[in-house]
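See structure below.
The values are calculated or read from the model by the stated rules, or taken from the named source; none is laboratory data. Quick caveat, the model's predicted, so the values are computed rather than measured. Every residue, glycine among them, receives a Cβ derived from its backbone with ideal geometry; neighbour counts consider all protein chains shown.
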Amino acid sequence: HSLGGMLHYHAALQRPELYRGVVMLDSPMTTWLDQTLIWAAKRFGFIDRLTPAGRTLGRREQFSCTDEARQYFASKALFRAFDPDCLDAYIEHGLEPTAQGLRLRFDPETEIRIYRSVPHVTPGWPHALKIPLAVVRGSQSRVVLPHHAYLLRLVAHGEAHTLPGGHMFPLERPRDTAILLKQLFNRWSELDRRGAA
């Protein structure tokens, strides 16, 4: 999902033998223009406005109990549409006990450093990818934009899909996401079997 999908795409460009296919869940295939903008944002100090780093700065980390954490996250735009089971799992596994109550497991400073170092170079060209690639975007997402679909057309086995929801659609619509993933993997496995025969 997101940066993770982009990094797997980059890894598959470099080491395709390690992959049978890549699914990018609301992950952009960055164009030359995107890459130039990211480079400039890093170089001239506005990367925090381009990535979620700015929203991560000063984010609340401590909670007295799980109910307080649930109420806090449910009120935030990013989490508001989460499937209730996914929100519960996020709270259960994303927080750890401390003497003061609960704290986010993932250090916001580390998260900010990751956002500030988002790749501005792609290690290869889309047409070089010989394995299946699916880009799945959320219908209300502002991360994967129409111009990103241009690069997908250059991939021999590239396909685009849209599911309802925003950038966090896998946690908003987990069943729909799982059904689509299962369909993709089954189809790719069938292609593998036919190719091996």
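Worth pointing out:
- Condition check for residue 194: surrounded by fewer than 19 Cβ atoms within 10 Å (Cβ to Cβ), at negative phi and out of contact with any Cys (no Cβ under 9 Å at 6 or more places or on another chain): yes
- Among residues of region 77-94 that are in the same structural domain as residue 170 (by TED's automatic domain parsing), none has a Cβ under 7 angstrom from a residue that is in a helix (DSSP H, G or I) at a sequence gap of 6+ or on a separate chain.
- Conditions (1) at pLDDT 95 or above; (2) part of a helix (DSSP H, G or I): number failed by residue 137: (2)
- Tally, over region 30-68, of residues that are farther than 18 Å from residue 114 by Cα, touching a strand residue (DSSP E or B) at 6+ places or on another chain (Cβ under 9 Å) and not aromatic (Phe, Trp, Tyr): 6
- Odd one out for residue 159, checked against (1) in contact with a strand residue (DSSP E or B) (Cβ under 8 Å, 6 or more places away or on another chain); (2) not hydroxyl-bearing (Ser, Thr, Tyr); (3) not assigned by TED's automatic domain parsing to the domain that holds residue 22: (3)
- Of the criteria (1) modelled with pLDDT of 95 or more; (2) assigned by TED's automatic domain parsing to the domain that holds residue 23; (3) surrounded by 12 or more Cβ atoms within 10 Å (Cβ to Cβ), which one residue 127 fails: (1)
- Pairs linking a residue in region 163-190 that is under 26 Å from residue 87 (Cβ atoms) and part of a helix (DSSP H, G or I) to a residue that is among the charged types (D, E, K, R) and at pLDDT 95 or above, with Cβ atoms under 7 Å and 6 or more positions apart or on different chains, are 169/26; 171/83; 172/83; 174/83.
- Tally of residues being more than 15 Å from residue 11 (Cα to Cα) and either at pLDDT below 95 or not polar (S, T, N, Q) (or both) across region 98-124: 18
- Residue 78 fulfils the conditions (1) part of a helix (DSSP H, G or I); (2) touching a His at 6+ places or on another chain (Cβ under 9 Å); (3) surrounded by 15 or more Cβ atoms within 10 Å (Cβ to Cβ) except for a single criterion, (3).
- Those helices (runs of 4 or more DSSP H) of region 1-69 in which 2 or more residues are of a type in the set (Lys, Arg) occupy 32-43.
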